[in-house]
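Novice: Please see the structure below; I have some questions.
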Amino acid sequence: MQLNINGKMHNIDVEPNMPLLWAIREIVGLTGTKYGCGIAQCGACTVYLNGEPARSCSIPVSSVGGAKITTIEALSADNTHPVQKAWIALDVPQCGYCQSGQVMAAAALLKRIPKPTDADIDNAMSNICRCGTYQKIRDGIHVASGQKKLAEVLATYDATPQSRG
Amino acid sequence: MTKNTDKQVDQMNLESQSRRRFIVDTSFIGGGLMLGIGSFASIEAMAGTIYNQNTMMNASSPEVNAWVNIKPDDTVVIRIVRSEMGQGTRTGLAQLVAEELECDWKKIITESPTPGQSVARKRVWGEFSTGGSRGIRISEDYVRRGAAGARIMLLQAAANEWNVPLSEVTVNKGVISHKSGKKTTYGKVAEAAAKITPPDPKSITLKKPSEWKVAGKPLARLDTADKVNGTKVFGVDLQLPGMLCAAIKASPVFGGKVKSYDENKVKNLRGVKGVVKVGDNAVAVVADTFWRAKIALEALPIEWDEAGNGNVNQADIEKRLKDGLEEVGDFWQRKEGDAVAAIQSSGKVVEAVYYTPYRSHANMEPMNCTVKFTPEKVEAWVPTQNGEASHAALAEAAGLPLTQCEVYKLDPGTGLGRRGGTQDYVTQAVGIAKNFPGVPVKMMWSREEDMTHDYYHPIAMAKMRAGIDANGNFTGMHIKVAGQSINSTVAPMAIKNNKDVRQLQGLYEEPGDAQLGYKFPSLLTEYVMKNTHVPVGPWRGVNTNQNGIFMEVFMDECAKAAGKDSLAFRQAIMKDYPKHLAVLNAAAKRSNWDKPLPKGVHRGIAQFMGYASYSACVAEVSVTDNIVKIHKLTFALNCGHVVNPYVVREQVEGSVVMALSAVFNPEITVENGRIKQTNFDSYPLLRLAQNPKVDTVLVPTFDFWGGVGEPTICVVGPAVINAISAALGKPLRNFPLIREGLSIA
C-alpha cells in the first residue's frame with residue numbers, strides 16, 4: 001500500500017482496517033497528529049485529504065487511496081502559516097496537545113472562508129480543548145484572517161506587542 | 001485548629017507512597033554513594049533529551065548554583081522542577097529567576113532536573129509536586145533567593161577580577177559594569193562565580209514588585225513554538241529504539257480482579273509480542289504498535305471477579321448520599337453559636353438540597369508511561385504533575401531503591417489533578433515492562449480506559465438551611481455536606497478520628513487558604529462521609545467546585561427570600577473579610593452591576609476563596625426555551641502577586657471552559673459497578689461555540705502569594721446558575737443543569 005503524505009510517497013505494509021491516524025503516527029512516524037478519542041469526536045487527529053480537513057482516527061487506511069495527505073508537520077516549513085504566526089503571537093496553546101488539530105482546523109477554515117465571521121468560527125471549530133483555549137483560538141483566527149490587528153487583540157488583555165517581550 | 005491544605009495532603013500522600021523509601025535512599029546516599037548528574041545517560045536517556053529538550057541531562061558548564069547555569073556565550077539556563085502542563089509555570093518561574101538574576105530575558109532557556117538528580121543532590125530544588133495551584137506561590141521565595149544569590153556571586157566574581165569593592169559593581173541584563181568603564185558579562189565570569197561561597201539566602205533582600213522589570217509583565221511564553229507545528233513530543237509520541245507498545249485493560253468494576261483470560265485467542269495476531277497480567281486487576285497486550293496492541297486487547301476474552309461491586313448503581317450511590325443528609329455529620333467543623341436553634345426560631349427558614357456529580361478529568365492526552373526495565377535499573381518517561389511521586393511509584397513497583405530508578409518528565413497534555421498523587425499508570429507500566437527486560441515499553445490507555453479508570457471528582461450533596469429575620473438579615477447558617485472523601489481514596493492518613501476537613505474546602509474559618517468570606521450570627525458546618533467503591537481524587541479546583549456552588553447558589557436563594565439585591569446582601573456580611581469583599585466589588589464594578597441590562601439578559605454573581613486567592617464572577621445570560629446563552633463572564637481575581645498577567649488571564653479563561661463543561665454537560669454515572677460513560681460521545685465537553693466572552697480584572701494586593709490555575713473555577717458555576725435562576729425566576733439545585741432540563745447554546 002502507498003500513502004502520499006506531505007508530498008512524499010510511503011510504501012507501507014499494514015492491515016487495511018488500520019485507521020489512517022495510526023499509520024501516520026506509528027508506521028510513518030509523524031507524531032504531530034494526535035490521538036484523543038478514536039471516534040472522530042475531538043478533532044486532535046485532523047489532517048487534510050486533498051486539502052479538506054478529515055479526522056484520521058476514523059478513516060481506514062485502505063480507503064485513502066491516492067489522496068494527498070497533509071499533516072501538521074507540513075502546514076508550513078517554518079511556523080510561517082498565518083495561523084501559526086497568530087497562535088505564537090497570542091500564545092494560544094496551553095498544554096498544546098490538541099493544538100495540532102486546532103491549527104489544522106483553523107487553517108482549513110481560512111482557506112475556505114478567508115474572512116470568517118464569529119458564526120463561521122463557531123461552526124468550523126468543533127475540536128475539543130480541555131485547557132480551555134477557545135477564547136484565544138477565536139482571537140487567533142481573527143488575527144490570522146487580518147480582521148483584527150494583533151495590537152488590538154492584545155489591548156483587550158492589557159498587553160502590547162512590545163510588552164510581550 | 002490547623003487545616004490540612006492541599007499542600008499538606010499532597011505531602012502526606014507522597015509520604016505514604018515514598019517517604020519511607022525516600023528516607024532510606026537519601027541516608028544511603030549520605031553514606032557515600034553519590035550519583036553524578038547524568039549517570040543514566042543511556043541511549044534512551046539521550047533520546048529523552050532529544051524528545052524533551054527541557055530534561056536536564058548534564059551540567060556542561062559549571063553551574064553558578066542549583067538554579068542557574070550560565071554558558072560562556074551568556075546563555076542563561078534556568079532550572080525549573082515544577083511540571084508544565086499548559087498553566088505557564090515554566091515561564092512564570094523563569095521570570096522570577098530572571099528578575100532577581102538581572103539577566104537578559106532574551107538569552108534564557110529552561111531545563112528540568114530529573115527526580116533522580118534531585119535525590120542525588122538531597123532535594124536541592126525542593127518539591128516537584130505541581131498541584132493545588134502551588135507551582136509559583138510555594139516556590140517563589142526560594143527560587144528568587146537562589147537567583148539573587150547567583151547574581152551576588154557573579155558580581156563578586158567580576159569585582160574580584162577587577163579588584164574593586166562589590167558595591168561599585170552594577171549589572172544590567174547580564175552585562176556587569178564598573179564606574180571605571182570596565183565591562184564584562186555573566187558568561188565570562190560564571191566559572192569564577194561558581195567557586196565563590198554562596199551568600200546566606202536569608203541575608204538577601206528581594207526586590208519589591210514595584211521594582212520588577214521582567215516579573216509582573218505579560219511576556220510571551222517560552223514554550224509555544226513547537227505546539228503549533230506538531231514537533232512537541234508528548235509521552236504518547238515517544239519512539240525509542242526497539243520500543244514495544246502496550247494497551248491495557250483494568251477491571252471495569254472498581255475493586256475487581258482478573259479471573260482468567262485466553263491469550264491463545266490473540267497471541268498469533270499480527271504484531272503481538274505477549275499478553276501479560278498486570279497486578280491482580282489488569283491485563284495488557286504488548287505489540288509492535290499501540291494500535292495492534294489495542295485491537296488484540298479488544299479481542300481478548302477476559303473474565304473478571306467483580307468483588308461484589310458489580311451490582312452497585314448510580315441510584316444506590318445517590319440514595320446513600322441523600323440518607324447522609326439526614327444523619328449527624330461525622331464532626332462539626334465550625335460551630336459558632338447555636339445555628340440549629342437560631343434558624344428554627346427565625347421568622348423565615350430557607351432550605352435547599354443540592355446535588356453535584358462525579359466528573360472525569362478527561363485529559364486530552366490519555367494516561368501513558370514508557371518504562372525500560374532491567375534488574376539493575378529502571379527508567380521511565382512520564383507525563384507527570386509530580387516527578388517525585390512518579391519516581392516513588394517507579395521504585396516501589398520495580399522493587400529497586402530510588403537511586404537505581406530514574407524518571408524523565410514530559411510536559412503532560414494537561415494534568416488537572418489526575419497526574420499528581422495518583423501514579424497508577426506508572427505502576428502498571430512497570431508491571432508490563434518487567435516482562436520485557438531491556439526493552440522500552442510504551443503503555444498507553446485508550447480513551448475508553450482513561451474515562452472509565454479515573455480518580456473522579458467526588459459526588460456530593462448538601463443540605464443548606466438558613467434563618468432570616470424580619471429585617472431580612474441572617475440569624476444562622478447550617479451547612480451539611482454528604483459525599484465521597486478524596487482523602488479516603490488518595491490520602492487516608494489525612495483523615496483523623498474519622499474527620500476529613502478537606503471536604504469542606506472554602507468554608508474554613510482560618511484565613512490564608514480557603515476561608516469562607518461571610519460572617520453569620522451563628523454557623524454550623526458538618527460533613528457526612530459517604531464513600532463508595534468508586535475512586536475519587538483531586539480535579540481542578542477540587543472541593544471548592546461543589547462547595548462554591550452550594551454556598552453561593554444558596555446565598556442567592558437567601559437573598560431572594562430576604563427580598564434583597566444579591567450583591568448588597570453579600571456585602572452586608574463581608575465587613576470582616578475585606579479581601580473577599582474587594583474582589584466581589586471589583587467584579588461588580590467591572591461588569592457594571594448597577595447599570596440595566598438589555599431586555600431578556602439576567603445577571604448572577606458569586607465569590608469564593610481557594611488556593612490562597614480570592615475570586616469573584618458576574619455572569620450575564622439569557623434563556624430561551626430552556627437553552628442558555630451565556631453572553632459574558634466578568635472576573636475579578638486577587639492572587640496576591642501577578643507574575644505574568646497574560647498567562648493569569650489565560651488560566652481564568654481555561655477555568656471557565658472546564659467549569660461550564662461540568663455545570664452543563666452530562667455527568668459521570670455508575671452502572672453495574674462500572675462507569676457508564678466511555679468517550680466524548682457519552683461524556684461531551686464544552687466546545688468553542690458555547691464558550692462565552694471572558695473579561696478578567698486583576699486586583700493583586702502584593703501582601704501574599706496566591707494560586708492561579710484553580711481559584712476561579714469555583715465561581716463560574718454559581719455565577720452562571722444564579723443568572724439562570726434570575727432569568728427563570730426559580731431555584732436550580734441539581735447539577736449538571738441537564739438534570740433541570742437546561743442546556744447551553
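The values are calculated or read from the model by the stated rules, or taken from the named source; none is laboratory data. Owing to the predicted nature of the structure, the values given are computational and were not obtained by experimental measurement. Cβ: placed from backbone, ideal geometry, glycine included. Neighbour counts: every protein chain shown.
Novice: Could you say whether any residue in region B:439-452 is touching a Leu at 6+ places or on another chain (Cβ under 8 Å), within 14 Å of another protein chain (Cβ to nearest Cβ) and under 30 Å from A:Cys45 (Cβ atoms)?
Specialist: So in region B:439-452, the residues touching a Leu at 6+ places or on another chain (Cβ under 8 Å) come out as B:439-442.
Checking the rest, the ones that are also within 14 Å of another protein chain (Cβ to nearest Cβ) come to B:442.
Now drop any that are not under 30 Å from A:Cys45 (Cβ atoms), which leaves B:442.
Yes, that holds for at least one residue.
Novice: At least 3 residues that are in contact with a strand residue (DSSP E or B) (Cβ under 6 Å, 6 or more places away or on another chain) and not acidic (Asp, Glu) in each: list the helices (runs of 4 or more DSSP H) lying fully within region B:110-217 that qualify.
Specialist: Details: elements: B:115-120, B:140-162, B:186-193.
Correct list: B:140-162, B:186-193.
Novice: Step by step: first the residues of region B:211-226, then only those that are over 21 Å from the mean Cα position of the chain (by Cα) and charged (D, E, K, R), then the one that is nearest to the other protein chains (Cβ to nearest Cβ). Which residue is that? Spell out how you get there, then give the answer.
Specialist: Taking region B:211-226 first, the residues over 21 Å from the mean Cα position of the chain (by Cα) are B:211-220, B:225-226.
Still in the list and also charged (D, E, K, R): B:211, B:213, B:217, B:226.
On the way: B:Glu211: 17, B:Lys213: 11, B:Lys217: 6, B:Asp226: 8 Å.
That would be B:Lys217.
Novice: Give the residue that is farthest from the other protein chains (Cβ to nearest Cβ), with candidates limited to residues of region B:239-252 that are part of a loop (DSSP other than H, G, I, E, B) and surrounded by fewer than 24 Cβ atoms within 10 Å (Cβ to Cβ). Can you show your working first?
Specialist: First, the residues of region B:239-252 that are part of a loop (DSSP other than H, G, I, E, B): B:239-243, B:251-252.
Then drop every residue that is not surrounded by fewer than 24 Cβ atoms within 10 Å (Cβ to Cβ), which leaves B:239-243, B:252.
Working: B:Gln239: 6, B:Leu240: 12, B:Pro241: 13, B:Gly242: 14, B:Met243: 10, B:Pro252: 18 Å.
Here the answer is B:Pro252.
Here's the yes/no breakdown for (1) within 16 Å of B:Asn691 (Cβ to Cβ); (2) more than 9 Å from chain B (Cβ to nearest Cβ):
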{"site": "A:Ile72", "(1), (2)": "no, no"}
{"site": "A:Gln94", "(1), (2)": "yes, no"}
{"site": "A:Ser100", "(1), (2)": "no, no"}
{"site": "A:Ile113", "(1), (2)": "no, yes"}
{"site": "A:Gly132", "(1), (2)": "yes, no"}
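Novice: So, one more: Quick one: in region B:102-126, which of the residues that are within 25 Å of the chain's Cα centre (by Cα) and within 17 Å of B:Ala220 (Cα to Cα) is surrounded by the fewest Cβ atoms within 10 Å (Cβ to Cβ)?
Specialist: In this case the residue turns out to be B:Ile109.
Here is a yes/no grid of residues against (1) under 14 Å from the mean Cα position of the chain (by Cα); (2) surrounded by fewer than 24 Cβ atoms within 10 Å (Cβ to Cβ); (3) farther than 27 Å from B:Val648 by Cα:
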{"position": "A:Ala67", "(1), (2), (3)": "no, yes, yes"}
{"position": "A:Thr70", "(1), (2), (3)": "yes, yes, yes"}
{"position": "A:Gln84", "(1), (2), (3)": "yes, no, no"}
{"position": "A:Ala124", "(1), (2), (3)": "yes, yes, yes"}
{"position": "A:Cys131", "(1), (2), (3)": "no, no, no"}
{"position": "A:Gly146", "(1), (2), (3)": "no, yes, no"}
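Novice: What tally of residues in region B:395-426 results from selecting those that are within 29 Å of A:Gly96 (Cβ to Cβ), more than 14 Å from chain A (Cβ to nearest Cβ), of a type in the set (A, V, I, L, M) and out of contact with any helix residue (DSSP H, G or I) (no Cβ under 7 Å at 6 or more places or on another chain)?
Specialist: 0
Novice: So, one more: What is the number of the single condition among (1) of a type in the set (D, E, K, R); (2) in contact with a Lys or Arg (Cβ under 7 Å, 6 or more places away or on another chain); (3) more than 25 Å from B:Ser345 (Cα to Cα) that B:Lys434 does not meet?
Specialist: (2)
Novice: What number goes with the only condition from (1) more than 21 Å from A:Pro19 (Cβ to Cβ); (2) small (Gly, Ala, Ser); (3) more than 9 Å from chain A (Cβ to nearest Cβ) that B:Ala284 does not pass?
Specialist: (1)
Novice: Which residues, counting only those in region B:679-710, are more than 9 Å from chain A (Cβ to nearest Cβ), more than 20 Å from B:Arg739 (Cα to Cα) and polar (S, T, N, Q)?
Specialist: Result: B:Thr701, single match.
Novice: Within region B:336-350, identify whether any single residue is assigned by TED's automatic domain parsing to the domain that holds B:Gly472, part of a loop (DSSP other than H, G, I, E, B), surrounded by 18 or more Cβ atoms within 10 Å (Cβ to Cβ) and in contact (Cβ under 8 Å) with a residue 60 or more places away in the chain, and answer yes or no. Spell out the reasoning first.
Specialist: Quick first cut of region B:336-350, residues assigned by TED's automatic domain parsing to the domain that holds B:Gly472 only: B:336-350.
Imposing the further condition that a residue be part of a loop (DSSP other than H, G, I, E, B) reduces the set to B:337-338, B:345-347.
Retained after the next criterion (residues that are surrounded by 18 or more Cβ atoms within 10 Å (Cβ to Cβ)): B:346.
Still in the running and in contact (Cβ under 8 Å) with a residue 60 or more places away in the chain: B:346.
Checked against the condition, which is being assigned by TED's automatic domain parsing to the domain that holds B:Gly472, part of a loop (DSSP other than H, G, I, E, B), surrounded by 18 or more Cβ atoms within 10 Å (Cβ to Cβ) and in contact (Cβ under 8 Å) with a residue 60 or more places away in the chain, region B:336-350 yields at least one hit.
Novice: Now for a separate question. Can you tell me how many residues in region B:409-464 are basic (Lys, Arg), outside any loop (DSSP other than H, G, I, E, B) and not assigned by TED's automatic domain parsing to the domain that holds B:Asn531? Even if it seems obvious, please write down each step before you answer.
Specialist: Filtering region B:409-464 for residues basic (Lys, Arg) gives B:409, B:418-419, B:434, B:442, B:447, B:463.
Filter once more, so that each one left must be outside any loop (DSSP other than H, G, I, E, B): B:409, B:442, B:447, B:463.
Next, from what is left, pick out any that are not assigned by TED's automatic domain parsing to the domain that holds B:Asn531: B:409, B:442, B:447.
Residues flagged as basic (Lys, Arg), outside any loop (DSSP other than H, G, I, E, B) and not assigned by TED's automatic domain parsing to the domain that holds B:Asn531 within region B:409-464 amount to 3.
Novice: Being closer than 30 Å to B:Leu416 by Cβ and not hydrophobic (A, V, I, L, M, F, W, C) narrows it down to one of A:Gly65, A:Gly146, A:Gly101, so name that one. Quick ask: steps written out before the conclusion?
Specialist: Working: A:Gly65 fails: closer than 30 Å to B:Leu416 by Cβ; A:Gly146 fails: closer than 30 Å to B:Leu416 by Cβ.
After ruling out the rest, the residue left standing is A:Gly101.
Novice: Could you please find all residues in region A:118-130 being facing another protein chain (nearest Cβ under 7 Å) and among the acidic types (Asp, Glu)?
Specialist: Selection gives A:Asp122 alone.
Per-residue answers, yes or no, for (1) over 26 Å from B:Trp705 (Cβ atoms); (2) in contact (Cβ under 8 Å) with a residue 24 or more places away in the chain; (3) not polar (S, T, N, Q):
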{"position": "B:Asn531", "(1), (2), (3)": "yes, yes, no"}
{"position": "B:Ala568", "(1), (2), (3)": "yes, no, yes"}
{"position": "B:Leu581", "(1), (2), (3)": "no, yes, yes"}
{"position": "B:Trp593", "(1), (2), (3)": "yes, yes, yes"}
{"position": "B:Asn626", "(1), (2), (3)": "yes, yes, no"}
{"position": "B:Phe635", "(1), (2), (3)": "no, yes, yes"}
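Novice: Select, from B:Thr532, B:Thr525, the only residue that is in a strand (DSSP E or B) and closer than 30 Å to B:Thr669 by Cβ. Break it down into steps so the answer makes sense when it comes.
Specialist: Numbers: B:Thr532 fails: in a strand (DSSP E or B).
Exactly one residue qualifies, and that residue is B:Thr525.
Novice: Still on this structure, please answer the following. Against the condition of a type in the set (Val, Ile, Thr), farther than 16 Å from B:Arg419 by Cα and modelled with pLDDT under 95, how does B:Ile495 come out, does it pass?
Specialist: Details: of a type in the set (Val, Ile, Thr): yes; farther than 16 Å from B:Arg419 by Cα: yes; modelled with pLDDT under 95: yes.
Here the answer is yes, as B:Ile495 does meet what is asked.
Novice: Still on this structure, I have one more. May I ask you to list the residues in region B:218-238 that are in a loop (DSSP other than H, G, I, E, B) and acidic (Asp, Glu)?
Specialist: First, the residues of region B:218-238 that are in a loop (DSSP other than H, G, I, E, B): B:218-224, B:228-234, B:238.
If the condition is that a residue be in a loop (DSSP other than H, G, I, E, B) and acidic (Asp, Glu), then B:Asp223 is the only one that fits.
Novice: I'd like the residue in region A:24-54 that is at the interface with chain B (Cβ under 9 Å from one of its Cβ atoms) and charged (D, E, K, R) and, out of all such residues, is nearest to B:Trp445 (Cα to Cα). Explain how you work it out, then say what you get.
Specialist: First, the residues of region A:24-54 that are at the interface with chain B (Cβ under 9 Å from one of its Cβ atoms): A:25-27, A:29-39, A:41-42, A:44.
Narrowing further to those that are charged (D, E, K, R): A:25-26, A:34.
On the way: A:Arg25: 16, A:Glu26: 16, A:Lys34: 14 Å.
Within region A:24-54, the match that is nearest to B:Trp445 (Cα to Cα) is A:Lys34.
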